[in-house]
Each structure stands twice: as structure tokens, then as C-alpha cells.
Amino acid sequence: MPSLAIGLESLLRSGMNELSRRGAPANSLTPLIRNLVSFWSAGLESGDADPLAKGEDALTELTAQMGMDEHKRETIVKDWTALRELLQALPWSVTDLFFTSREGQAAGSGELLTIAVDPHACTSCGRCVEICPTNALSLAADASALNQSTQAYTLWENLPDTKGETIHAMHLHPELTPLSALMLSRHHYQAMVGGPEDPRVAPARMILHSMTALLEAQGQPVWQAFLSDLAQLRQGLDELARDHFQQALPDRMNPDLERVIEEAGDRKLTLDDLLAKLPAEGPGKRVDTARLSQWIHTRRELSLLEEALKTGTTGGGRSRYGIMLSGELGDQLVRFPYQPFQVPVWIESELDLDKIQGVLLAQQQWVLSQVRLMRLADLQIRQNYRPEIHDAGLQALTWADLTTVEKRLLPPLLVVTSTREWTNLAPRHAAQLLSGDMPVKVVVMQNQLPAPNDTYARQGWLLPWLTAGQLPVVQTSPSRMAHFANALQHGLASPGPALFSVLAYGGEDTDWLQQSEEMMVSGLFPLIMAIPHGEKALLSDYLQLEALPEPGIPVDSLLSERIRSAWSGFSSSAGDWATILTREWSTWLELAGRIRSGQTDEARQLKEEMTAGFTERQQALEADYQRQLADLKASFQEEVRTQLADRLYLLARSGQKNAHADAVVGQQDSTS
């Protein structure tokens, strides 16, 4: 379900532009926009169910204060009604995260939030209805509901995209995952659109949608910087040619030039006409046409490349990456008439390493040719280019000669395959694919539940890549969204190869996320993130594990009924399952440095002893504290009692003295 965050002024202006495009402009609202936004934002509160109604109230208040005549007010109300009917195709919400808190920081910075249903991707599974915490969604099978969803989605496409600063702020917000923040952008969301209505494909489609959106987000800055460099080089060549022509102009007036100017009188001549009236050997200096020709040719190549990247077959602002779908996943994800991807995709019945290497080498040569062109332009701008010296060096340029920034121009290649196909691949072939520094990202979809005794198919195939420490290795699942987003982001951001193991097990059940969570809880699929950060770093320094039971927890208490049922057809018993899984867990914990090999019982005993010692010490400290508190209380009470007794004694003495004084005074009076 795509989303959008948009400010009030931007919403009004874009809605009015859409009305104009449809032939019904709302021009009477144009001079009121700034004041209307001020009145409107002041009346909005977090949780408002209908912010557009509050906008109408703000408009009524504004027109009343301005004292408009009845005819003008009717025109404004008519235009607002048309605008509101257009915008209410989408549900709008005032949230604390996007509106109230941001308005408190800076007036006018708050944004409304909306979501739409993608009619090209919805499979009517009802999962969104089930998990909606406010019961705001419902399933409807009539044609009118489909038409409304289509109209809402079309409006969402035509509205301005969420601002980059909003996405950046939400990316850093603790309540959101990086992936959910990125999906606020239409550009990122539409990295993958629609797909076949097959429940078996839902896990893989969701995973690839997330990965392509992340590739878009990570690739766009690289390509925007590349386009900026191309524009600067092209501008530099223009300035170079302009300076060269300027230097060719005469330093002072010449009799022939004076004569031509006087003959022209008040007429304005073009430079061509002026030069045509001069003798063959005019007053100007000679122009180096050979160098100009070189600059023109280089500039033309830069312009063609820039145009191809902006508006060519891979242009339109999209990032550049490729996707190869292997085996049954290709047939399931790309099925006529569905082609949900926005970039080139090719499908193979099995992993063809020669083709993968061929594609990567071809893209590598493309990058080399563009780097040669840019280095040539830089030499020409600095006027250091000497063909006899530099041409051979530019042609001999290899991949190893490029800088890290230049190598980032090589588009990443997603190789998507299944666990069965990847584990059947010869290790030397897999090593050939993932060696080197080219950005091939292998995505292994774990779409089947392995047999209980098939440790290699379940986790064992990951161990060689982890222990090698040469590339990022992650294992994750969309059911744990925070880990999923973080692991994908780090793995895809690495400049070289990376290996992803993603849980995509769902079968025919639409509730595949629940099945994934059951496998998490059962300890069958530990979450792994290993991003090497130095040649001398130990595996335990960067291996992060989650969703892994500690040793000693009974396996029988973790396995769900669904997993028990799936495994019941195998010859192994529940006791065998416990032995196998306990050994797997111990291996992972040992790799992460959380236990020592062969010391599981000793480690548990040591932990229990340390816990008991800590508890005993804590109880002793608490008893000592209570004793000290009691002593302090008793001491305080005794001190208060002593002070009170002294005070009463003084008061009593003071009373006796006063009584004696009164008696003496009375005797004196009587004597008098």
C-alpha cells in the first residue's frame, strides 16, 4: 500500500493543477492559498478524521474576515468544492509524527499522511485487513470499490512525491524502519509494480520489492552525482571553446575593421556578416580548429551520454541495476501479462554462471568507456591533453585502475535463486561468482522447509561464506522487519558481492508471515548479519545473531504444530530433532563467541553459579541496607524524642518564671 506525506500548500497547489489539467481550473483560490494554509493548519489536531472539512471551515473563516461580496464568495466555494471532491478520493490523516510535532518545531512544516491501494499489486488476500489496528480497511468485491481504488491510486501518482528531507527525517526516527521511510517515496515504491496473483509468489515479491526500493534509494545519489559531473565537464568544454574564440579576436582596431564598421552605420551585423566583409587575412588571430574539433567531439559524446541516462531506455530518473531470476521463481514472478520490474530482467531455467559473468563484464566495459571519456574531458579542460601521450594510457585503462567512486558506476546485479538450486551448485562455481569486487548480489530464497536432518540445506551452506570473511553475509526474514530492513540496507550498500539468505516460505497459505515467525520462534532460521570491517577482524567481532534459543531450552517447547506436522512424515523422531537443532544452535553461538566449543554444560553451570552468587550478594546488600535504615530510623527517633523533651522542659521553666513575676507584681500593687 503506497503512502505519501505532503504539506498543505503543496497539496492545494497540486490539486489545483490537476483540476486545470482536467479542464476545470480553480483560479479563485490562488490568491488565498497562503492565508488559507495559515488558518487551516491552526485548526488541525492530531487524530482529526476529516482534515479536508477543517480546510473548508478555515476557508469560511478567512472569507468572512476579508469581507468578500456574495458573488466572489460563491465562486470561491464552488472552486473549493471541486478541489475537495478531487482530493477526498484519498484518505487523509493528521498524525503527531508528520504534522503536530513538526508544526510545533516550525510553523508550516507539518504534512498530511495518506495511503492508497495499488490495484496492480492487490491480490485480495485480506492480510492488510487482518493486521490493521484501527479496523480502517475492509474487503469489497464490487466494481465500484475497484474503480474508487483505481482513481485514488491515479491521484496518488499525480501528486508531488514526499520531500527528501521528510524521508531523511523519518529514516532517522526510532519509530520507523529505514525501509518504511523509503517507501514514502513514490519513486522507491514503484521500483516494482504489480505482479501475478499467486500466493506462492507473495513472499518473493515482497522481498524483491524491498530490495529494488533500497537499490533505488542507494543508487540515485550515485547517478545524480555522475550526471552532475557530466554537466560540469560539458560546461567546462563550452567555456574552453569560448575562451579560445575570445583569444582569437583582434587586440586593437584595424583599418579594415574600422572601414566595415563605418560602412554598417546604424545597422546591426551578425559576426558572420562582419567577418565576410573583411579581407581573407583579417585582423584576428588564427583559430586552432584541430583542438576545437577534439573539444566538440568530446562534448557531443558527453551530451549523448547525459541524454541517454536521463531519457533513454534506462533513463527517466531510475537507478540502474539488473535482475536475473533463476529456476521456478522466474516463471512465477514474471508471467504474461505481468512484468512487475522497472529494470531489465532475464529468466533462466537454471543458474548460468557464464551468462552472469558475461553480463557483468559487458557492464564493466561500459563503465570503462565512460570513465575514459570523463578523464579525456578533464585532460582537455585542463589543456594537458596530448594524443600521442594520453591515448594509449586511456585505452589501456583496466578495472583495477579505477577509483572506488568510479567502480560504483557498475550497476549491481541481483541473482535470485532458491535454496535447492544454490545448494546443488558446485562450491567452486559459487566461489567464482562471488569472488572479486563486482557488485553481484546473490539472493537465495528459502522457500521450502528442509527435512529435520538436512542441516546443510537449512543452514550449513552459509558456514563457508561466513568463515571466509570476504563478503557480507546476511540471513533475514520480513517477519522481523527491523532486522530485515537493516540487513538488506547494509548488504546492498556494500560495493562488492554479497550473499543474502531470505526466508520466503509460505506454500499455499496467504499467512506466510505467520509461518515465517513460527520458524523464527522455533530456532530453525536464526537471523544473521555479518559485514566484515577489516582484514584482521575476527568473525566473532562482526557476526550478529538474533532469534536463536539459548542452550538448555527444550526443543519440544519451541516447535509449532505446523512444523511438527510437516516433519512427521520423516523417519526421524522428535528426539532426533532435538539433538540436531541443539547442535546447530551451539555451533552458531560458538561462532559468535558466546560459548566455547565443547563447554556448553560448563558455560551453563558457570552462568548459574554467577547468577546464584549475584543473587546472594544482592540479598546481603539489601539486608544490610534494611538494617542500616532501621538503625538510622531508631537514632533519628531518639534524637527527636530528646529534642522534644528539652523543648518541653524549657517551656515549663519559662511558665514558672512568668508565674513568679506575676506574683511579685501583685504584692507591690497591694502594698501601694
Which of the residues belonging to region 427-446 are surrounded by 20 or more Cβ atoms within 10 Å (Cβ to Cβ) and assigned to a loop (DSSP other than H, G, I, E, B)?
438, 439
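Here is a yes/no grid of residues against (1) open to solvent by less than 60 Å² (accessible area, probe 1.4 Å); (2) closer than 24 Å to residue 211 by Cβ; (3) polar (S, T, N, Q):
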position: 154; (1), (2), (3): yes, no, yes
position: 159; (1), (2), (3): yes, no, no
position: 166; (1), (2), (3): yes, yes, yes
position: 173; (1), (2), (3): yes, yes, no
position: 177; (1), (2), (3): yes, yes, yes
position: 182; (1), (2), (3): yes, yes, no
position: 185; (1), (2), (3): yes, yes, yes
position: 188; (1), (2), (3): yes, yes, no
Given (1) assigned to a strand (DSSP E or B); (2) in contact with a Ser or Thr (Cβ under 7 Å, 6 or more places away or on another chain); (3) charged (D, E, K, R), identify the lone condition not met by residue 421.
(1)
I'm trying to understand the selection: among the residues of region 207-265, which are open to solvent by less than 50 Å² (accessible area, probe 1.4 Å), farther than 30 Å from residue 341 by Cβ and in contact (Cβ under 8 Å) with a residue 60 or more places away in the chain?
233, 236, 237, 238, 240
Search region 10-22 for residues that are in contact (Cβ under 8 Å) with a residue 60 or more places away in the chain and over 16 Å from residue 32 (Cβ atoms) and pair each with any residue that is in a helix (DSSP H, G or I) and among the aliphatic types (A, V, I, L, M) when their beta-carbon atoms are under 7 Å apart and the residues are at least 6 apart or on different chains.
18/86
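Among 628, 605, which is modelled with pLDDT of 80 or more and either under 30 Å from residue 552 (Cβ atoms) or surrounded by 10 or more Cβ atoms within 10 Å (Cβ to Cβ) (or both)? Steps first, answer last, please.
On the way: 605 fails: modelled with pLDDT of 80 or more.
Checking each option against the conditions leaves just 628.
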For region 522-580, which residues satisfy the criterion of being over 30 Å from residue 471 (Cα atoms) and of a type in the set (Phe, Trp, Tyr)?
567, 570, 577
How about region 42-59: which of its residues are more than 24 Å from residue 181 (Cα to Cα) and in contact with a helix residue (DSSP H, G or I) (Cβ under 6 Å, 6 or more places away or on another chain)?
43, 52, 55, 58, 59
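Considering each of 373, 414 in turn, give the residue that is on the phi < 0 side of the Ramachandran plot, part of a helix (DSSP H, G or I) and not aromatic (Phe, Trp, Tyr).
Values: 414 fails: part of a helix (DSSP H, G or I).
Within the list 373, 414, the selection yields 373.
Which one of these is modelled with pLDDT under 90, within 26 Å of the chain's Cα centre (by Cα) and crowded, with 16+ Cβ neighbours inside 10 Å: 411, 344? Spell out the reasoning first.
On the way: 344 fails: crowded, with 16+ Cβ neighbours inside 10 Å.
Being modelled with pLDDT under 90, within 26 Å of the chain's Cα centre (by Cα) and crowded, with 16+ Cβ neighbours inside 10 Å holds for just one of 411, 344, which is 411.
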Could you say which residue among 61, 130, 103, 157 is more than 26 Å from the chain's Cα centre (by Cα) and not in a strand (DSSP E or B)?
61
Looking at (1) in a helix (DSSP H, G or I); (2) closer than 27 Å to residue 2 by Cβ, find the lone condition where residue 48 falls short.
(1)
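Could you check, for region 351-367, whether at least one of its residues is without any contact (Cβ under 8 Å) to a residue 60 or more places away in the chain and either in contact with a helix residue (DSSP H, G or I) (Cβ under 6 Å, 6 or more places away or on another chain) or open to solvent by less than 20 Å² (accessible area, probe 1.4 Å) (or both)? Full working, then the answer.
Applying the first criterion (without any contact (Cβ under 8 Å) to a residue 60 or more places away in the chain) to region 351-367 yields 352, 354-355, 358-359, 361-363, 365-367.
From what's left, either in contact with a helix residue (DSSP H, G or I) (Cβ under 6 Å, 6 or more places away or on another chain) or open to solvent by less than 20 Å² (accessible area, probe 1.4 Å) (or both): 367.
The answer is yes; a qualifying residue exists.
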Among the residues of region 271-283, is there at least one that is surrounded by fewer than 12 Cβ atoms within 10 Å (Cβ to Cβ) and basic (Lys, Arg)?
no
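The values are calculated or read from the model by the stated rules, or taken from the named source; none is laboratory data. Treat the numbers as computed from the prediction; the structure is a model and nothing was measured. As a convention, Cβ positions derive from the backbone with ideal geometry for all residues, glycine included, and neighbour counts pool all protein chains shown. SASA here: full protein model, heavy atoms, side chains in, ligands and nucleic acids out. Shrake-Rupley method; radii C 1.70, N 1.55, O 1.52, S 1.80 Å.
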